[in-house]
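J.: Here it is, the structure, as structure tokens.
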Amino acid sequence: MVGDQVLRAAAQMMSSALRESDVFGRYGGEEFSIILPDTNNSAAIYVAERLLAQVADVPIETEAGNLAIQLSIGIAGMSKQTPTLQSLIVRADQALYIAKSAGRNRLAVK
């Protein structure tokens with residue numbers, strides 16, 4: 001299961017780059033969510049850019065050979081427009097699809 005190997009390796013790379021206070025988990029399929037408590041958008045963008053570079057720079061060893069992967073990242077912050085966790089997830093998901101439509105290895109803020 002090459003897909004599972006890639007997901008596990010990507011999750012390991014991303015989670016190792018986060019703080020202990022950050023919450024990281026698989027959201028579904030090949031999507032992950034990261035909650036960065038007490039972090040403004042500028043700091044979240046910095047974290048996202050670091051993750052983009054880290055994952056793109058390290059090929060993942062699989063039974064099918066080494067594979068390079070790239071991320072698409074959607075960023076949203078709590079605000080008057082996103083007062084609940086559900087609205088935050090919706091905005092982050094909207095940002096994710098903006099990033100995906102712009103090409104590979106991108107981030108977008110909503």
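The values are calculated or read from the model by the stated rules, or taken from the named source; none is laboratory data. Keep in mind the model is a prediction, meaning the values are calculated, not measured. Glycine also receives a Cβ, built like all others from the backbone with ideal geometry; neighbour counts cover every protein chain displayed. Note: areas computed on protein heavy atoms with side chains; ligands, DNA, RNA excluded. Shrake-Rupley method; radii C 1.70, N 1.55, O 1.52, S 1.80 Å.
J.: If you scan region 90-110, which residues turn out to be touching a residue at least 60 places away in the same chain (Cβ under 8 Å) and farther than 15 Å from ALA48 by Cβ?
T.: none
J.: Kindly establish whether VAL2 is over 22 Å from ALA102 (Cβ atoms) and touching a residue at least 12 places away in the same chain (Cβ under 8 Å).
T.: yes
J.: Looking only at strands (runs of 3 or more DSSP E) that lie completely in region 9-110, which have at least 3 residues being aliphatic (A, V, I, L, M)?
T.: Working: elements: 23-28, 31-35, 60-62, 65-67, 72-75, 106-109.
Ranges flagged: 106-109.
J.: Could I ask something else about it? Of everything in region 1-48, what is within 21 Å of LEU88 (Cβ to Cβ), in contact with a strand residue (DSSP E or B) (Cβ under 7 Å, 6 or more places away or on another chain) and open to solvent by 40 Å² or more (accessible area, probe 1.4 Å)? Give them in sequence order.
T.: SER15, VAL23, PHE24, ARG26, TYR27, PHE32, SER33, ILE34, ILE35, ASN41, ILE45
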